[in-house]
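Data block below; observations after.
The values are calculated or read from the model by the stated rules, or taken from the named source; none is laboratory data. This is a predicted model, so every value here is computed, not measured. Note that we place each Cβ from the backbone using ideal geometry, even for glycine, and neighbour counts take in every protein chain shown.
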Amino acid sequence: MKSTLIIAAAVALTACGSGKTSTETSTSETVTPADELIARMDSVVKSGQFYFGHHDDTAYGHTWRYVPGNSDVKAVTGKYPGLMNWDLGLIEVDSARNLDGVPFEFIAAEISAQNERGGVNAISWHPLNPQSRGNSWDVSTAPLHSLATDSALSDTIDLWIGRAAEFIASLKDSEGRSIPVIFRPWHENSGSWFWWGAGSSTPEEYIALWHRTREIFDSKGVDNVVWAYSPDKDLTREQYFATYPGDEYVDILGTDIYHFDGENGVGQYTDRVKAQMPFVVEEAQKRGKLAALTETGCEGLPVTDWYTRVLMPAIDGLPLAYVCVWRNAIESEKPQHFYVPYPGHPSENDFRKFAETSGAVFIK
Ligand code: BMA
């Protein structure tokens with residue numbers, strides 16, 4: 001049963017699911033699972049808090065893989081992150097496992113578990129290059145230049161987007177209800193490292209890809225998606241909006257900004273967040289949308305008090321729906337590729353202090 005409070009909050013909201021604006025919303029309209037998730041995040045923002053997110057949180061950590069209930073975040077703070085991110089890379093070719101080896105069945109089960117505990121799920125997607133069949137980072141060809149004229153290519157992309165849509169539509173809780181998720185496709189497009197990025201597409205081609213994505217989801221009746229747009233760092237307001245799909249397509253205005261260069265990079269990271277997030281927040285509020293720091297983190301945490309000394313002041317005062325850090329890869333594969341401390345790491349106390357004092361939402 002949906003709670004009346006949530007429904008009331010959802011219909012009262014200025015930000016409404018799937019790119020709707022307040023004027024298009026009426027009390028007679030059905031409240032979708034996406035509307036409910038937006039309302040839930042909006043009330044967290046209004047209470048001065050934000051969801052703390054971690055990619056692949058319960059799939060693996062620094063020293064373990066697929067241990068039921070495990071989480072590096074929980075091992076250190078006693079709680080799960082309020083938001084978990086998952087990636088659909090390789091779903092497009094019907095693989096049973098994603099690009100980091102995580103089975104899609106496992107992802108679906110963990111999304112359900114996170115939903116049951118009252119948490120939020122977000123989904124990113126690193127699909128193959130549909131022309132070369134190399135990975136997302138293969139920019140040797142630029143498929144978006146030919147999408148409008150190459151029907152074999154557009155058939156492939158449509159099939160791939162359709163598979164992502166079907167996976168998301170299939171996410172159900174134990175009572176068979178749709179689980180709302182944030183979907184953040186075609187991310188970091190202002191950089192040139194992905195085949196959909198600035199070096200491989202015009203703004204018009206990029207926007208057309210977003211519209212195509214939405215049309216395919218809509219044609220399948222998918223109503224459990226909260227749509228997030230997330231270009232990268234160092235953008236002016238004008239650059240940020242040059243590839244913006246439009247208010248009818250987006251629910252969350254995000255940005256991905258990472259900390260590089262350890263202690264030497266503290267000032268640069270802070271400047272980057274403070275240069276971009278305030279206008280993202282301002283524009284989100286103006287448009288009746290949510291804002292988020294959709295990806296961030298300091299790889300390997302060489303700045304051991306990064307969470308309280310760098311992240312907290314950088315985002316202080318910004319009404320964000322969530323702040324998500326990237327994954328803790330298993331040590332034997334990528335020893336320094338982790339973004340939250342694991343038990344025994346010198347950042348443990350700092351991360352606990354962050355969890356207790358920053359307003360970040362963690363859950364039991
Ligand atoms: C990147 C790294 C990669 C990973 C990809 C998708 O930033 O973590 O190792 O394959 O994200 O999760």
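Would you check if there is a residue in segment 32-40 being away from the ligand (no atom under 16 Å from the Cβ), assigned to a loop (DSSP other than H, G, I, E, B), among the acidic types (Asp, Glu) and surrounded by fewer than 23 Cβ atoms within 10 Å (Cβ to Cβ)? No, every residue in segment 32-40 fails to be away from the ligand (no atom under 16 Å from the Cβ), assigned to a loop (DSSP other than H, G, I, E, B), among the acidic types (Asp, Glu) and surrounded by fewer than 23 Cβ atoms within 10 Å (Cβ to Cβ). If you filter segment 72-81 down to residues that are out of contact with any Ser or Thr (no Cβ under 8 Å at 6 or more places or on another chain) and under 26 Å from residue 38 (Cα atoms), you find that the one that is nearest to the ligand (Cβ to nearest atom) is 73. When 48, 69, 101 are screened for being outside any strand (DSSP E or B) and within 12 Å of the ligand (Cβ to nearest atom), only 101 passes. Filtering segment 302-326 to residues that are surrounded by fewer than 23 Cβ atoms within 10 Å (Cβ to Cβ) and within 16 Å of the ligand (Cβ to nearest atom) leaves only 326.
If you filter segment 82-98 down to residues that are under 15 Å from the mean Cα position of the chain (by Cα) and within 16 Å of the ligand (Cβ to nearest atom), you find that the one that is farthest from residue 165 (Cα to Cα) is 83. Starting from residues that are over 16 Å from the mean Cα position of the chain (by Cα) and without any contact (Cβ under 8 Å) to a residue 40 or more places away in the chain, keep the ones in segment 285-295 and report whichever is surrounded by the fewest Cβ atoms within 10 Å (Cβ to Cβ). Among residues in segment 285-295 that are over 16 Å from the mean Cα position of the chain (by Cα) and without any contact (Cβ under 8 Å) to a residue 40 or more places away in the chain, the one surrounded by the fewest Cβ atoms within 10 Å (Cβ to Cβ) is 286. Taking the listed residues 275, 284, the one that is away from the ligand (no atom under 16 Å from the Cβ), in contact with a strand residue (DSSP E or B) (Cβ under 8 Å, 6 or more places away or on another chain), part of a helix (DSSP H, G or I) and among the small types (Gly, Ala, Ser) is 284, with no other qualifying.
For segment 327-343, the set of residues classified as among the acidic types (Asp, Glu) and within 11 Å of the ligand (Cβ to nearest atom) consists of 333 only.
Given the options 217, 241, 194, 167, name the one that is of a type in the set (Phe, Trp, Tyr), over 23 Å from residue 38 (Cα atoms) and either modelled with pLDDT under 95 or not in a strand (DSSP E or B) (or both). Checking each option against the conditions leaves just 194. The set of residues from segment 236-250 being touching a helix residue (DSSP H, G or I) at 6+ places or on another chain (Cβ under 8 Å) and surrounded by 19 or more Cβ atoms within 10 Å (Cβ to Cβ) comprises 240, 243, 245. The set of residues in segment 292-301 being closer than 25 Å to residue 123 by Cβ and within 16 Å of the ligand (Cβ to nearest atom) consists of 293, 294, 295, 296, 297, 298, 299. A Cβ distance below 6 Å, combined with a sequence gap of six or more or placement on separate chains, defines the contacts here; from segment 315-340, residues that are at negative phi and touching a residue at least 24 places away in the same chain (Cβ under 8 Å) reach residues that are acidic (Asp, Glu) and within 12 Å of the ligand (Cβ to nearest atom) in the pairs 324/295; 327/56. Checking every residue in segment 216-234 against the condition of being in contact with a Pro (Cβ under 9 Å, 6 or more places away or on another chain), closer than 18 Å to residue 136 by Cα and of a type in the set (D, E, K, R) gives zero matches.
Against the numbered list (1) among the polar types (S, T, N, Q); (2) more than 15 Å from the ligand (Cβ to nearest atom); (3) surrounded by 18 or more Cβ atoms within 10 Å (Cβ to Cβ); (4) closer than 13 Å to residue 58 by Cα, residue 112 comes up short only at (3).
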